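*Asks:* For reference, the structure I am asking about is given below.
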Amino acid sequence: RVADAVALQPDMELVGIADIVTDWRIQSAAGRFPLFASTDEAQQTMLQAGLPVAGSLEDLLGQADVIADTTPKHVAAENLPRYRAAGVKLVLQGGESHETTGHSFVAQANYESALGRDMTRVVSCNTTSIVRVLGALQDADLLAKARGVLIRRATDPWESHLGGIMNTMVPESKIPSHQGPDAQTVLPGLDLVTIAAKGAHTQTHNHYWTLQLTRPASREEVLAALRAAPRIAFIRMADGLVALNSTIELMNDLGRPRGDMWEVAVWE
Ligand SMILES: NC(=O)c1ccc[n+]([C@@H]2O[C@H](COP(=O)([O-])OP(=O)(O)OC[C@H]3O[C@@H](n4cnc5c(N)ncnc54)[C@H](O)[C@@H]3O)[C@@H](O)[C@H]2O)c1
């Protein structure tokens, strides 16, 4: 996803992808993008598997200005010294802690504070959704407090044969769940508490909010505040979009790559 997105930017050039696997995921990227190996061991196994490896992570770092690291949790933090030594700028994913980069990012909320920085962290999908929706209400001076319940998916679709929960719902044992404090790393002024649980599904998350507003406001005022923000899309049950699965089908029908929904869907 990230490589495809970079390749579409007119002001960016994709140097390549570094990974450690030899499976279908990297095979589908081979031939489209130059491949690099993140470790010496991986370089051997990738070459043995017939993958066209262009070099090591250090070779990639030598040609790149910016690294977007989308590896599993803690890998980026471990690789940080290699990135710093190469003098590249860094964009990490939300699996790393805020402290790793000292800056957490949601484009529409705090773009300015990322300018000139060497590192930032793009927060998770759940946190991004919170910041977009509550940030829009805050920008309209409507939001006093938010208390939210997050029903998360159990696992990624591509990993669902490996495990994941079935026929149950698993609450997080801690309140607040980590998404609330995470959203406050982007919008420190938010008064919010989140509770989260994992459902037995693999696609999309579902949030429920109880909001206290700063003043009495009409339904139209609230909708207008959400409409003014980018990347919030309204969906309607009257259109047959009655559950999470139908939003996925809609994205597929609209021809969105991988059926992705880039917006937060809000039931109007
Ligand atoms: N998938 C999501 O919806 C989602 C949402 C929010 C945050 N995140 C975060 O984004 C990150 C990536 O998520 P994902 O689901 O794509 O993970 P993933 O497990 O599919 O891994 C992403 C890629 O990193 C590669 N990789 C693994 N170890 C590596 C290493 N040592 N060096 C280089 N490459 C390595 C994998 O082979 C894979 O191609 C995670 O940290 C996750 O917490 C993911």
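*Asks:* Can you name the residue in region 77-103 that is among the charged types (D, E, K, R) and within 10 Å of the ligand (Cβ to nearest atom) and, of all such residues, is farthest from the chain's Cα centre (by Cα)?
*Replies:* 78
*Asks:* Residue check: is residue 147 in the same structural domain as residue 207 (by TED's automatic domain parsing), open to solvent by 30 Å² or more (accessible area, probe 1.4 Å) and in contact (Cβ under 8 Å) with a residue 12 or more places away in the chain?
*Replies:* Yes; evaluated as a whole, the condition is true for this residue.
*Asks:* Which residue pairs have Cβ atoms under 8 Å apart, sit 6 or more places apart or on different chains, and have a first residue in region 86-98 that is open to solvent by 40 Å² or more (accessible area, probe 1.4 Å) and in a helix (DSSP H, G or I) and a second that is within 14 Å of the ligand (Cβ to nearest atom) and among the small types (Gly, Ala, Ser)?
*Replies:* Cβ pairs passing all conditions: 98/104.
*Asks:* With the checklist (1) within 16 Å of the ligand (Cβ to nearest atom); (2) surrounded by fewer than 23 Cβ atoms within 10 Å (Cβ to Cβ) in hand, flag the one item residue 142 doesn't pass.
*Replies:* (1)
*Asks:* Determine which single condition residue 209 fails, assuming it passes every other condition in (1) of a type in the set (A, V, I, L, M, F, W, C); (2) within 14 Å of the ligand (Cβ to nearest atom); (3) touching a Lys or Arg at 6+ places or on another chain (Cβ under 8 Å).
*Replies:* Failed condition: (2).
*Asks:* Take region 46-76 and flag every residue that is of a type in the set (Gly, Ala, Ser) and either away from the ligand (no atom under 12 Å from the Cβ) or assigned to a loop (DSSP other than H, G, I, E, B) (or both).
*Replies:* 49, 50, 54, 55, 62, 64, listed by residue number.
*Asks:* Still on this structure, I have one more. Take the residues of region 198-219 that are in a loop (DSSP other than H, G, I, E, B) and of a type in the set (S, T, N, Q): which is farthest from the chain's Cα centre (by Cα)?
*Replies:* Here the answer is 218.
*Asks:* In region 20-31, what residues are open to solvent by 50 Å² or more (accessible area, probe 1.4 Å), under 24 Å from residue 65 (Cα atoms) and modelled with pLDDT of 95 or more?
*Replies:* Hit for region 20-31 is 20, nothing else.
This table checks each residue for (1) part of a helix (DSSP H, G or I); (2) touching a residue at least 24 places away in the same chain (Cβ under 8 Å); (3) not assigned by TED's automatic domain parsing to the domain that holds residue 79.
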| site | (1), (2), (3) |
| --- | --- |
| 7 | yes, yes, no |
| 11 | no, no, no |
| 26 | yes, yes, no |
| 41 | yes, no, no |
| 44 | yes, no, no |
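*Asks:* Something else about it: Restricting attention to region 235-245, which residues are surrounded by 14 or more Cβ atoms within 10 Å (Cβ to Cβ) and outside any loop (DSSP other than H, G, I, E, B)?
*Replies:* Residues satisfying the conditions are 235, 244.
*Asks:* Within region 44-85, work out how many residues are on the phi > 0 side of the Ramachandran plot and open to solvent by 50 Å² or more (accessible area, probe 1.4 Å).
*Replies:* Matching residues across region 44-85 total 2.
*Asks:* I would also like to ask the following. When you scan region 184-197, how many residues do you find that are under 17 Å from the mean Cα position of the chain (by Cα) and either open to solvent by 60 Å² or more (accessible area, probe 1.4 Å) or free of Cβ contacts under 8 Å to residues at least 24 places away in the same chain (or both)?
*Replies:* Adding up the residues that qualify gives 1.
*Asks:* Checking the structure you have, find out if any residue of region 122-131 is within 16 Å of the ligand (Cβ to nearest atom) and in contact with a Cys (Cβ under 9 Å, 6 or more places away or on another chain).
*Replies:* no
*Asks:* Still on this structure: Between 118, 182, 139, which is among the acidic types (Asp, Glu) and assigned by TED's automatic domain parsing to the domain that holds residue 86?
*Replies:* Matching residue, one of 118, 182, 139: 118.
*Asks:* With respect to residue 260, is the statement that it is open to solvent by 90 Å² or more (accessible area, probe 1.4 Å) and of a type in the set (Asp, Glu) true?
*Replies:* Against the criterion (open to solvent by 90 Å² or more (accessible area, probe 1.4 Å) and of a type in the set (Asp, Glu)), residue 260 does not qualify.
The values are calculated or read from the model by the stated rules, or taken from the named source; none is laboratory data. Bear in mind that the values here come from a model prediction, so they are computed numbers and not experimental data. Cβ: placed from backbone, ideal geometry, glycine included. Neighbour counts: every protein chain shown. Keep in mind that these areas ignore ligands, DNA and RNA; they rest on the heavy atoms of the full protein, side chains included. Shrake-Rupley method; radii C 1.70, N 1.55, O 1.52, S 1.80 Å.
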